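What follows is calculated from the coordinates using simple rules that are stated; it is not laboratory data. From a predicted model like this one, the values you see are computed outputs, not experimental measurements. Cβ placement follows ideal geometry from the backbone for every residue including glycine, while neighbour counts extend to all protein chains displayed.
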Amino acid sequence: MSDQLPRDDANENDVTVRYWASARAAAGIAEEQVDARTLSALLDEISRRHRDRDRFDDVIATCSILVGDTPVGAREPSTVTLHPGDSIEFLPPFAGG
């Protein structure tokens, strides 16, 4: 069984989205390719793709997001530009100390 969605429409402009821990469980996959130019467009697309998954949007809303090694923080998603080949990491809150 594959850990990624099929890439029927593979695009050289795609970014790689990686899900960790509970985000991975909510998505049902570890990573996928998405054609998006802003974080806002990416969030819309992954929400559409996973609309049938229980809790996906709720879990993603709690995640810290990294574009490459850079935390997005409280920046407005529509102002976060994505480039082909970028990796976007969704890191849910982790317990521990």
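What list of ³J(HN,Hα) couplings, whole Hz, do you get for segment 74-88 from phi and the Karplus terms 6.51, -1.76, 1.60, once you set θ to phi - 60° and write x for glycine and proline?
8, 4, 5, x, 5, 9, 8, 7, 10, 10, x, x, 4, 10, 10
Run the helix sum for the chain: -39,500 (n - 2.57) per DSSP H stretch of 4+ residues, divided by residue count, reported at 222 nm to the nearest 500 deg cm²/dmol.
Roughly -6500 deg cm²/dmol at 222 nm, from the helical runs in the chain.
With charges only on Cβ, +1 for K and R and -1 for D and E, what is the dipole size of the chain about its Cα centre, in debye, rounded to 20?
Details: 10 positive and 18 negative charges, 58 e Å.
With Lys and Arg at +1 and Asp and Glu at -1, about 280 debye.
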